[in-house]
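K.L.:
Let me give you the structure first, and then I'll get to my questions.
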Amino acid sequence: MNITEFAALAGVSKTAVSRYFNNGYLSAEKRAAIEEAVRRTGYSPSEAARGLRTRRTRQIGVVLPRLSGESSARVVDGISMVLGDKGYRMLLANTANRPEREVEYLDALRQSGVDGVIFLASIFTPEHRAVLKSMHMPVVIVAQQYDGYSCVYHDDLGAARDLTQLLIQRGSRPAYIGVTAQDRAAGLSRREGYVQAMRQAGLPVRTEDMCVSGFGLEEGYAQAKTLIQARRPDGLFCATDSIAVGAMQACRELGLRVGQDILIAGVGDTRMGRFTATPLTTAHLHYQTSGQEAAQLLLRLLRSQGAGVRNVCLGYEIVERASTGAAEEKCETL
(Lines give C-alpha, C1' and ligand atoms only; values in the text may rest on other atoms or scores of the structure.)
Protein backbone atom coordinates (compact mmCIF):
# COMPACT_ATOMS: atom_id res chain seq x y z
CA MET A 1 0.00 0.00 0.00
CA ASN A 2 1.40 3.39 -0.96
CA ILE A 3 0.77 6.73 0.73
CA THR A 4 -1.93 7.76 -1.79
CA GLU A 5 -3.94 4.59 -1.15
CA PHE A 6 -3.49 4.89 2.61
CA ALA A 7 -4.57 8.56 2.64
CA ALA A 8 -7.73 7.69 0.69
CA LEU A 9 -8.53 4.87 3.11
CA ALA A 10 -8.03 7.18 6.12
CA GLY A 11 -10.06 9.95 4.50
CA VAL A 12 -7.29 12.55 4.78
CA SER A 13 -4.76 14.18 2.47
CA LYS A 14 -1.27 12.82 1.71
CA THR A 15 0.09 15.93 3.48
CA ALA A 16 -1.75 14.97 6.66
CA VAL A 17 -0.33 11.44 6.48
CA SER A 18 3.17 12.83 6.02
CA ARG A 19 2.75 15.16 8.99
CA TYR A 20 1.49 12.29 11.15
CA PHE A 21 4.50 10.06 10.47
CA ASN A 22 6.95 12.97 10.94
CA ASN A 23 5.44 14.27 14.18
CA GLY A 24 4.02 17.41 12.60
CA TYR A 25 0.92 19.31 13.70
CA LEU A 26 -2.48 17.71 13.01
CA SER A 27 -5.98 18.29 14.31
CA ALA A 28 -7.22 15.74 16.80
CA GLU A 29 -9.80 14.46 14.29
CA LYS A 30 -7.27 13.80 11.50
CA ARG A 31 -4.80 12.21 13.93
CA ALA A 32 -7.51 9.89 15.21
CA ALA A 33 -8.53 8.94 11.66
CA ILE A 34 -4.95 8.09 10.69
CA GLU A 35 -4.36 6.11 13.88
CA GLU A 36 -7.48 4.07 13.18
CA ALA A 37 -6.31 3.39 9.61
CA VAL A 38 -2.88 2.34 10.88
CA ARG A 39 -4.54 -0.02 13.36
CA ARG A 40 -6.60 -1.62 10.58
CA THR A 41 -3.89 -1.87 7.93
CA GLY A 42 -0.58 -1.88 9.80
CA TYR A 43 0.66 0.74 7.33
CA SER A 44 4.09 2.30 8.00
CA PRO A 45 6.14 4.23 5.43
CA SER A 46 9.64 2.96 4.80
CA GLU A 47 12.52 4.98 6.21
CA ALA A 48 13.87 5.48 2.68
CA ALA A 49 10.56 6.83 1.39
CA ARG A 50 10.16 9.03 4.45
CA GLY A 51 13.61 10.45 3.89
CA LEU A 52 12.79 11.30 0.28
CA ARG A 53 9.57 13.08 1.25
CA THR A 54 11.07 15.07 4.09
CA ARG A 55 14.54 15.44 2.55
CA ARG A 56 15.99 14.10 5.80
CA THR A 57 19.43 12.49 5.80
CA ARG A 58 19.37 11.45 9.48
CA GLN A 59 22.80 13.03 9.80
CA ILE A 60 23.72 15.74 12.31
CA GLY A 61 26.78 17.96 11.98
CA VAL A 62 28.75 18.58 15.18
CA VAL A 63 31.31 21.40 15.16
CA LEU A 64 33.76 21.22 18.05
CA PRO A 65 36.94 23.10 19.01
CA ARG A 66 39.23 20.13 19.68
CA LEU A 67 38.62 16.46 19.09
CA SER A 68 41.33 15.62 21.63
CA GLY A 69 39.96 17.90 24.36
CA GLU A 70 38.46 16.05 27.31
CA SER A 71 35.53 18.44 27.72
CA SER A 72 34.70 18.22 24.00
CA ALA A 73 34.91 14.43 24.13
CA ARG A 74 32.46 14.35 27.03
CA VAL A 75 30.02 16.60 25.16
CA VAL A 76 30.26 14.39 22.05
CA ASP A 77 29.65 11.29 24.18
CA GLY A 78 26.43 12.85 25.41
CA ILE A 79 25.34 13.83 21.91
CA SER A 80 26.11 10.34 20.60
CA MET A 81 24.11 8.63 23.36
CA VAL A 82 20.94 10.49 22.36
CA LEU A 83 21.32 10.60 18.58
CA GLY A 84 22.43 6.98 18.31
CA ASP A 85 19.31 5.81 20.10
CA LYS A 86 17.20 7.70 17.54
CA GLY A 87 19.01 6.36 14.49
CA TYR A 88 21.00 9.48 13.64
CA ARG A 89 24.66 9.64 12.60
CA MET A 90 27.12 12.38 13.54
CA LEU A 91 29.49 14.20 11.21
CA LEU A 92 32.28 15.65 13.36
CA ALA A 93 34.16 18.80 12.37
CA ASN A 94 37.30 19.56 14.41
CA THR A 95 38.25 23.26 14.21
CA ALA A 96 41.50 23.14 16.25
CA ASN A 97 40.31 26.22 18.19
CA ARG A 98 40.41 28.35 15.04
CA PRO A 99 37.36 30.64 14.68
CA GLU A 100 37.78 30.94 10.91
CA ARG A 101 37.51 27.16 10.62
CA GLU A 102 34.32 27.21 12.65
CA VAL A 103 32.81 29.52 10.04
CA GLU A 104 34.11 27.35 7.18
CA TYR A 105 32.67 24.16 8.67
CA LEU A 106 29.33 25.76 9.49
CA ASP A 107 29.07 26.94 5.89
CA ALA A 108 30.08 23.50 4.58
CA LEU A 109 27.41 21.83 6.73
CA ARG A 110 24.87 24.38 5.53
CA GLN A 111 25.46 23.14 2.00
CA SER A 112 25.84 19.44 2.84
CA GLY A 113 22.21 18.61 3.52
CA VAL A 114 22.56 17.53 7.16
CA ASP A 115 19.33 17.69 9.15
CA GLY A 116 20.74 19.97 11.83
CA VAL A 117 23.89 21.22 13.55
CA ILE A 118 25.19 21.22 17.12
CA PHE A 119 27.85 23.90 17.52
CA LEU A 120 30.28 23.83 20.46
CA ALA A 121 30.99 27.54 20.33
CA SER A 122 33.75 29.66 21.82
CA ILE A 123 33.47 33.12 20.29
CA PHE A 124 31.08 34.89 17.90
CA THR A 125 32.47 37.12 15.19
CA PRO A 126 30.48 38.96 12.49
CA GLU A 127 31.36 36.04 10.20
CA HIS A 128 29.84 33.58 12.68
CA ARG A 129 26.68 35.67 12.86
CA ALA A 130 26.38 35.81 9.07
CA VAL A 131 26.79 32.08 8.48
CA LEU A 132 24.45 31.16 11.35
CA LYS A 133 21.81 33.49 9.94
CA SER A 134 22.11 31.79 6.54
CA MET A 135 21.57 28.25 7.88
CA HIS A 136 18.06 27.08 7.02
CA MET A 137 18.15 24.15 9.44
CA PRO A 138 17.94 23.76 13.23
CA VAL A 139 21.09 24.80 15.12
CA VAL A 140 21.75 24.25 18.84
CA ILE A 141 24.67 25.99 20.51
CA VAL A 142 26.63 24.40 23.37
CA ALA A 143 28.76 26.20 26.01
CA GLN A 144 27.68 29.73 25.05
CA GLN A 145 24.54 31.86 25.05
CA TYR A 146 23.53 33.37 21.72
CA ASP A 147 20.31 35.27 21.13
CA GLY A 148 17.82 33.65 18.79
CA TYR A 149 19.15 30.09 19.16
CA SER A 150 18.51 27.24 21.55
CA CYS A 151 21.56 26.98 23.82
CA VAL A 152 22.93 24.68 26.50
CA TYR A 153 25.54 26.30 28.72
CA HIS A 154 27.11 26.20 32.17
CA ASP A 155 26.92 28.59 35.11
CA ASP A 156 30.50 29.72 34.51
CA LEU A 157 30.13 32.88 36.58
CA GLY A 158 28.78 31.00 39.60
CA ALA A 159 31.49 28.34 39.45
CA ALA A 160 34.26 30.96 39.22
CA ARG A 161 32.78 33.02 42.04
CA ASP A 162 32.48 30.02 44.37
CA LEU A 163 35.99 28.78 43.65
CA THR A 164 37.46 32.23 44.28
CA GLN A 165 35.47 32.44 47.51
CA LEU A 166 36.89 29.06 48.53
CA LEU A 167 40.45 30.27 47.91
CA ILE A 168 39.74 33.37 50.02
CA GLN A 169 38.16 31.31 52.81
CA ARG A 170 41.27 29.12 52.89
CA GLY A 171 43.34 32.21 53.65
CA SER A 172 44.69 33.31 50.26
CA ARG A 173 44.34 36.53 48.28
CA PRO A 174 44.18 34.97 44.85
CA ALA A 175 45.39 36.33 41.54
CA TYR A 176 43.65 35.34 38.31
CA ILE A 177 44.77 33.66 35.08
CA GLY A 178 42.01 33.68 32.47
CA VAL A 179 41.40 33.41 28.75
CA THR A 180 40.26 35.90 26.15
CA ALA A 181 37.11 37.87 26.98
CA GLN A 182 35.91 37.15 23.43
CA ASP A 183 34.98 33.77 24.89
CA ARG A 184 31.99 34.98 26.88
CA ALA A 185 31.74 31.79 28.97
CA ALA A 186 35.28 30.68 29.87
CA GLY A 187 36.72 34.19 29.49
CA LEU A 188 34.25 36.94 30.39
CA SER A 189 31.91 35.10 32.78
CA ARG A 190 34.67 33.37 34.77
CA ARG A 191 36.57 36.65 35.07
CA GLU A 192 33.41 38.33 36.34
CA GLY A 193 32.93 35.53 38.89
CA TYR A 194 36.45 36.14 40.21
CA VAL A 195 35.86 39.90 40.39
CA GLN A 196 32.55 39.47 42.23
CA ALA A 197 34.08 37.20 44.86
CA MET A 198 36.99 39.55 45.47
CA ARG A 199 34.69 42.54 45.88
CA GLN A 200 32.28 40.66 48.13
CA ALA A 201 35.24 39.82 50.37
CA GLY A 202 36.34 43.47 50.42
CA LEU A 203 39.56 42.69 48.57
CA PRO A 204 41.06 44.97 45.90
CA VAL A 205 40.70 43.93 42.25
CA ARG A 206 43.97 44.93 40.58
CA THR A 207 44.71 44.60 36.89
CA GLU A 208 48.30 43.62 37.72
CA ASP A 209 46.95 40.54 39.54
CA MET A 210 45.03 39.40 36.46
CA CYS A 211 46.42 38.06 33.19
CA VAL A 212 45.19 36.37 30.04
CA SER A 213 46.51 33.02 28.85
CA GLY A 214 45.83 30.60 26.04
CA PHE A 215 43.91 27.43 26.86
CA GLY A 216 46.86 25.04 26.97
CA LEU A 217 49.21 23.74 29.65
CA GLU A 218 52.18 25.57 28.18
CA GLU A 219 50.40 28.94 28.14
CA GLY A 220 49.21 28.45 31.73
CA TYR A 221 52.72 27.53 32.80
CA ALA A 222 54.28 30.59 31.14
CA GLN A 223 51.71 33.08 32.46
CA ALA A 224 51.84 31.65 35.98
CA LYS A 225 55.62 31.81 36.10
CA THR A 226 55.62 35.45 35.02
CA LEU A 227 52.82 36.39 37.43
CA ILE A 228 54.31 34.59 40.42
CA GLN A 229 57.76 36.07 39.91
CA ALA A 230 56.28 39.56 39.60
CA ARG A 231 53.51 39.52 42.23
CA ARG A 232 54.18 36.57 44.60
CA PRO A 233 50.47 35.68 45.11
CA ASP A 234 49.51 33.07 47.69
CA GLY A 235 46.60 31.88 45.57
CA LEU A 236 45.64 31.44 41.91
CA PHE A 237 42.23 31.03 40.36
CA CYS A 238 42.65 29.69 36.83
CA ALA A 239 39.87 29.74 34.24
CA THR A 240 40.55 26.14 33.15
CA ASP A 241 42.09 23.01 34.61
CA SER A 242 44.74 22.99 31.86
CA ILE A 243 45.92 26.46 32.85
CA ALA A 244 45.89 25.42 36.51
CA VAL A 245 47.98 22.29 35.90
CA GLY A 246 50.50 24.37 33.94
CA ALA A 247 50.57 26.84 36.83
CA MET A 248 51.23 24.00 39.29
CA GLN A 249 54.32 23.01 37.32
CA ALA A 250 55.55 26.61 37.39
CA CYS A 251 55.08 26.66 41.16
CA ARG A 252 57.10 23.49 41.61
CA GLU A 253 59.96 24.91 39.54
CA LEU A 254 59.88 28.07 41.65
CA GLY A 255 60.08 26.06 44.86
CA LEU A 256 56.49 26.67 45.98
CA ARG A 257 54.45 23.90 47.60
CA VAL A 258 51.00 23.77 46.02
CA GLY A 259 48.35 23.49 48.73
CA GLN A 260 50.65 25.07 51.31
CA ASP A 261 52.69 28.02 50.01
CA ILE A 262 50.18 28.73 47.26
CA LEU A 263 46.59 27.56 46.72
CA ILE A 264 45.33 26.84 43.20
CA ALA A 265 41.91 26.10 41.68
CA GLY A 266 40.72 25.50 38.11
CA VAL A 267 37.51 24.72 36.22
CA GLY A 268 36.54 21.54 34.38
CA ASP A 269 37.34 18.57 36.63
CA THR A 270 39.61 16.87 34.10
CA ARG A 271 41.34 13.53 34.67
CA MET A 272 44.67 15.33 34.42
CA GLY A 273 43.74 17.56 37.36
CA ARG A 274 42.63 14.63 39.47
CA PHE A 275 45.90 12.74 39.04
CA THR A 276 48.53 15.46 39.37
CA ALA A 277 51.02 15.11 42.22
CA THR A 278 48.81 17.53 44.17
CA PRO A 279 45.22 16.84 43.05
CA LEU A 280 43.48 19.96 41.78
CA THR A 281 40.51 21.73 43.34
CA THR A 282 38.04 22.48 40.56
CA ALA A 283 34.45 22.89 39.44
CA HIS A 284 32.90 19.83 37.84
CA LEU A 285 30.88 20.96 34.82
CA HIS A 286 28.36 18.54 33.38
CA TYR A 287 29.76 18.27 29.86
CA GLN A 288 28.18 14.94 28.98
CA THR A 289 24.82 16.17 30.17
CA SER A 290 25.20 19.29 28.04
CA GLY A 291 25.67 17.07 24.99
CA GLN A 292 22.58 15.04 25.86
CA GLU A 293 20.51 18.19 26.40
CA ALA A 294 21.73 19.71 23.13
CA ALA A 295 20.83 16.57 21.16
CA GLN A 296 17.39 16.45 22.75
CA LEU A 297 16.79 20.12 21.92
CA LEU A 298 17.81 19.51 18.32
CA LEU A 299 15.51 16.51 17.98
CA ARG A 300 12.71 18.64 19.38
CA LEU A 301 13.36 21.27 16.71
CA LEU A 302 13.42 18.59 14.01
CA ARG A 303 10.09 17.19 15.18
CA SER A 304 8.41 20.58 15.24
CA GLN A 305 9.64 23.42 13.08
CA GLY A 306 7.62 25.86 15.17
CA ALA A 307 9.31 24.85 18.43
CA GLY A 308 10.52 27.94 20.23
CA VAL A 309 14.01 28.84 21.37
CA ARG A 310 14.97 27.20 24.66
CA ASN A 311 17.96 27.89 26.91
CA VAL A 312 19.28 25.36 29.42
CA CYS A 313 21.74 26.45 32.12
CA LEU A 314 23.45 23.56 33.91
CA GLY A 315 24.73 23.64 37.47
CA TYR A 316 28.15 22.60 38.76
CA GLU A 317 29.88 20.88 41.65
CA ILE A 318 32.77 22.37 43.60
CA VAL A 319 35.31 19.60 44.19
CA GLU A 320 37.92 20.51 46.78
CA ARG A 321 41.23 18.63 46.73
CA ALA A 322 44.77 19.05 48.02
CA SER A 323 45.66 22.07 45.85
CA THR A 324 43.63 24.25 48.24
CA GLY A 325 44.82 22.44 51.34
CA ALA A 326 42.07 19.81 51.67
CA ALA A 327 43.22 16.63 53.40
CA GLU A 328 40.64 14.61 51.43
CA GLU A 329 38.29 15.27 48.53
CA LYS A 330 35.11 17.21 49.30
CA CYS A 331 32.28 17.82 46.85
CA GLU A 332 29.49 20.39 46.97
CA THR A 333 26.73 20.42 44.33
CA LEU A 334 25.33 23.78 43.21
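K.L.:
Can you pull out the residues in the range 185-208 that are buried (at least 21 other Cβ atoms within 10 Å of the Cβ) and charged (D, E, K, R)?
P.N.:
Those that are buried (at least 21 other Cβ atoms within 10 Å of the Cβ) and charged (D, E, K, R): Arg190, Arg191.
K.L.:
Looking at the range 246-266 only, could you name the residues that are open to solvent by less than 20 Å² (accessible area, probe 1.4 Å) and under 17 Å from Gly325 (Cα atoms)?
P.N.:
Ala247, Met248, Cys251, Val258, Gly259, Ile262, Leu263, Ile264, Ala265, Gly266
K.L.:
Still on this structure: Before we move on, is Gly308 farther than 24 Å from Val139 by Cβ and small (Gly, Ala, Ser)?
P.N.:
The answer is no for Gly308.
K.L.:
Mind listing whichever residues of the range 70-90 are open to solvent by less than 40 Å² (accessible area, probe 1.4 Å) and more than 22 Å from Leu217 (Cα to Cα)?
P.N.:
Of everything in the range 70-90, those that are open to solvent by less than 40 Å² (accessible area, probe 1.4 Å) and more than 22 Å from Leu217 (Cα to Cα) turn out to be Val76, Gly78, Ile79, Val82, Leu83, Tyr88.
K.L.:
Taking interchain pairs and intrachain pairs at least six residues apart, which have beta carbon atoms under 6 angstrom, with the first residue in the range 180-191 and closer than 18 Å to Pro65 by Cα and the second assigned to a helix (DSSP H, G or I)?
P.N.:
Thr180/Gly187; Ala181/Gly187; Ala181/Leu188; Ala185/Asp156
K.L.:
Among the helices (runs of 4 or more DSSP H) contained in the range 155-246, which hold 1 or more residues that are basic (Lys, Arg) and either modelled with pLDDT under 95 or touching a strand residue (DSSP E or B) at 6+ places or on another chain (Cβ under 8 Å) (or both)?
P.N.:
190-200, 217-231
K.L.:
Then there is this: Starting from residues that are open to solvent by 10 Å² or more (accessible area, probe 1.4 Å) and in a strand (DSSP E or B), keep the ones in the range 141-154 and report whichever is farthest from Leu285 (Cα to Cα).
P.N.:
Once the filter is applied, the top-ranked residue is Tyr153.
K.L.:
All but one of (1) touching a residue at least 60 places away in the same chain (Cβ under 8 Å); (2) more than 22 Å from Glu70 (Cβ to Cβ) hold for Ala307; which doesn't?
P.N.:
Failing condition for Ala307: (1).
K.L.:
With the structure loaded, tell me whether Arg161 is over 23 Å from Tyr287 (Cβ atoms), surrounded by 18 or more Cβ atoms within 10 Å (Cβ to Cβ) and touching a Gly at 6+ places or on another chain (Cβ under 6 Å) or whether it fails that test.
P.N.:
No.
The values are calculated or read from the model by the stated rules, or taken from the named source; none is laboratory data. Predicted model, so just to flag it, every value in this text is computed and none were measured. All Cβ positions, even for glycine, are placed from backbone atoms using ideal geometry, and neighbour counts span all protein chains on display. Ligands, DNA and RNA are excluded from the accessible area calculation, which covers all protein heavy atoms including side chains. Shrake-Rupley method; radii C 1.70, N 1.55, O 1.52, S 1.80 Å.
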